[in-house]
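**Student:** Below is a structure I'd like to ask you about.
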Amino acid sequence: MAPSTDKFSLLPHSLLSTIISLIPFKEAVRTSILSKNWVDVFKYTSNIEFDEVSFVKDDKPYRVRQAQRKAFLEFVLFWISNHTKTVVDKFSLRLSLPGKAKRVVRECISFATKHGVKELELDFSDPTLDCYFTTNYIKHDALFDLPAHVYDHICLESLKLFSCRIVEAEMLNFHGLKEISLGWMEVKLMTIKTLFSNCEALENLSLKRCWTSDDFDLQEENLRLRNLVVDRCMFRSNSRYFIVNAPNL
């Protein structure tokens, strides 16, 4: 019987890079144990997802969780410093307490924009809160400010920010932005209106656990929205209506 052959290892590197970019990042990293030929292949993925939950386990003692978090942050820094692909299509960072890891967060965001990221997700919300608060609502302040250089990144097509504050007036260069998701922070009605005014291609809006003292009234706007998600948000306490003028919704 002829010996088995690793057919994937015979494929050109450019094709392996495409394949590795089509599978979840966690699975892409796991391919490094397949064989010597696969040790570095995952570094060529164009879809990068760093999720603290993959490292830090809630059922462990505090000291163990702190050690796991430290290992996660070290892994993130090591990975972005050794990344070999020139273009990044998607970059996602999910990290609680970003104020205690500002350098890592800033380096990650800078890495993403320098590599021409098209889909950027920054989630700094507490992953444990979503399990506990289903009906009762707590107003949360954003834990991190979106760095100024991101507003000059014209390549963005999708932006997802959770507990990450934006300055809507600065969003003047996102002409290709088609999707935006905001969560776990205050989002004023004027912010939403400014987004639609500045981002002409915007078709998808998602709001999760957001709050505002305004009524949700967009009746004067002729929006290009095709998809709208409002998940457990709180608007003005005495509001009795929710108005959106979006013929293509």
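**Student:** Would you mind listing the strands (runs of 3 or more DSSP E) fully within region 130-236 where at least 3 residues are under 27 Å from Ile109 (Cα atoms)? Write out each step before concluding.
**Tutor:** On the way: elements: 158-162, 179-183, 204-208, 216-218, 227-231.
Hits in region 130-236: 158-162, 179-183, 204-208, 227-231.
**Student:** Hey, any hits in region 99-114 for a residue that's at pLDDT below 95, among the charged types (D, E, K, R) and surrounded by 14 or more Cβ atoms within 10 Å (Cβ to Cβ)?
**Tutor:** no
**Student:** In region 211-249, which residue that is open to solvent by 90 Å² or more (accessible area, probe 1.4 Å) and within 21 Å of Phe174 (Cα to Cα) is farthest from the chain's Cα centre (by Cα)?
**Tutor:** Only one residue tops the list, namely Asn222.
**Student:** So Met171 ticks every box in (1) open to solvent by 20 Å² or more (accessible area, probe 1.4 Å); (2) at pLDDT below 90 but one. Which box is left unticked?
**Tutor:** It is condition (1) that Met171 fails.
**Student:** Open to solvent by 90 Å² or more (accessible area, probe 1.4 Å) and at pLDDT 85 or above, is that true of Lys208? Explain how you work it out, then say what you get.
**Tutor:** On the way: open to solvent by 90 Å² or more (accessible area, probe 1.4 Å): no; at pLDDT 85 or above: yes.
Answer is no for this residue.
**Student:** In region 174-184, which residues are open to solvent by less than 10 Å² (accessible area, probe 1.4 Å) and of a type outside the set (Gly, Ala, Ser)?
**Tutor:** Those that are open to solvent by less than 10 Å² (accessible area, probe 1.4 Å) and of a type outside the set (Gly, Ala, Ser): Phe174, Leu177, Ile180, Leu182.
**Student:** Quick check on my filter: what residues within region 81-119 are farther than 22 Å from Asp141 by Cβ, assigned to a helix (DSSP H, G or I) and touching a residue at least 12 places away in the same chain (Cβ under 8 Å)? Break it down into steps so the answer makes sense when it comes.
**Tutor:** So in region 81-119, the residues farther than 22 Å from Asp141 by Cβ come out as 81-92, 107, 110-119.
From the residues that got through so far, the ones that are assigned to a helix (DSSP H, G or I) too are 81-82, 107, 110-114.
Across region 81-119, the qualifying residues are Asn82, Glu107, Ser110, Phe111, Ala112, Thr113.
**Student:** Report every pair of residues separated by at least 6 positions or lying on different chains whose Cβ atoms are under 7 Å apart, first residue within region 47-74 and of a type in the set (A, V, I, L, M, F, W, C), second exposed (fewer than 13 other Cβ atoms within 10 Å of the Cβ) and outside any strand (DSSP E or B).
**Tutor:** Phe55/Ala71
The values are calculated or read from the model by the stated rules, or taken from the named source; none is laboratory data. From a predicted model like this one, the values you see are computed outputs, not experimental measurements. Every residue, glycine as well, gets a Cβ built from its backbone with ideal geometry; the counts of neighbours run over all protein chains shown. To get the accessible areas, we keep the full protein, side chains included, count just its heavy atoms, and leave off ligands, DNA and RNA. Shrake-Rupley method; radii C 1.70, N 1.55, O 1.52, S 1.80 Å.
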